[in-house]
Amino acid sequence: MTVATFSTGGRHLLPGALTRFTAAHPRILLHVREGEPEITLPLVRQGAVDLALAYHFDGPLPLGPGPNTGLTWTALLEDALHVVLPQAHPLATRESLDIAELAAEPWILGCLKTEAYLHRYAERAGFTPDVRGSTTDYPFARSLVAAGMGVSLIPSIALVPSVPGVRVVPVKAPAPTRYVGATTIGRHGERPLVAAFLRALREQAAQQGPSGPDGPRKSAT
């Protein structure tokens, strides 16, 4: 059985599900491969992957070209994005923030995909973000924030492990959200192992809660 995942889902959601699944099915040989949804979801459609842990923001799933008949999306987690600021920032002690309050701030990206989403969300708030740094690693982005280079917008499950020198503040509603789920193909009743793995993912996601493993974080990390 082959399972695909994006990096933060693989780090924070998949291990617990793997533990549950292998305890119940110790003889099943599992393969795990990492990739962004635009790569892994077409693999599910092609039958090369049995299940893909994936995400999307406020747009459609990145299924790629071709017919998508038979694909099923199972929602697992609403992963709210939080503002990450330097610990000494004047707004770091706030209970919550409106994105518009950060219009004059330089921004650091922890995922290249986040830039388009940040621009869309900022446009609704009436400003164009000044992006000073682009990374493909959320802990690296938080390290740049701690160094005073700017602020960042990071999903809850990517807020661990913590880094020193930053504060995490929830975004006022309607908060930007990353929707995490699993994509499969065919009927789960006809594929009992896939159904069992989905149950393990649901149990792990329920344990972590809608805002990440420890809920919304605003304290110093």
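Points worth noting:
- Total residues in segment 24-58 satisfying the condition of being assigned to a helix (DSSP H, G or I) and surrounded by 15 or more Cβ atoms within 10 Å (Cβ to Cβ): the figure is 8.
- The numbered conditions (1) at pLDDT 90 or above; (2) closer than 22 Å to Val3 by Cα are all true for Gly70 except (1).
- Residue in segment 156-170 that is touching a helix residue (DSSP H, G or I) at 6+ places or on another chain (Cβ under 6 Å) and on the phi > 0 side of the Ramachandran plot present: yes
- Filter result (in contact with a strand residue (DSSP E or B) (Cβ under 6 Å, 6 or more places away or on another chain) and either assigned to a helix (DSSP H, G or I) or surrounded by 17 or more Cβ atoms within 10 Å (Cβ to Cβ) (or both)) within segment 173-196: Ala175, Pro176, Thr177, Arg178, Val180, Gly181, Ala182, Thr183, Thr184, Ile185, Val194
- Selection status of Leu109, touching a Pro at 6+ places or on another chain (Cβ under 6 Å) and either closer than 16 Å to Phe57 by Cβ or among the polar types (S, T, N, Q) (or both): no
Here's the yes/no breakdown for (1) touching a residue at least 40 places away in the same chain (Cβ under 8 Å); (2) outside any strand (DSSP E or B); (3) crowded, with 20+ Cβ neighbours inside 10 Å:
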position	(1), (2), (3)
Leu61	yes, yes, no
His82	yes, no, yes
Ala92	yes, yes, no
Ala104	no, yes, no
Tyr117	yes, yes, no
Tyr121	yes, yes, yes
Arg124	no, yes, no
Pro139	no, yes, no
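The values are calculated or read from the model by the stated rules, or taken from the named source; none is laboratory data. Fair warning: this is a prediction, and the values are worked out from it, not measured in the lab. Cβ sites come from the backbone with ideal geometry, for glycine too, and all protein chains shown count toward neighbours.
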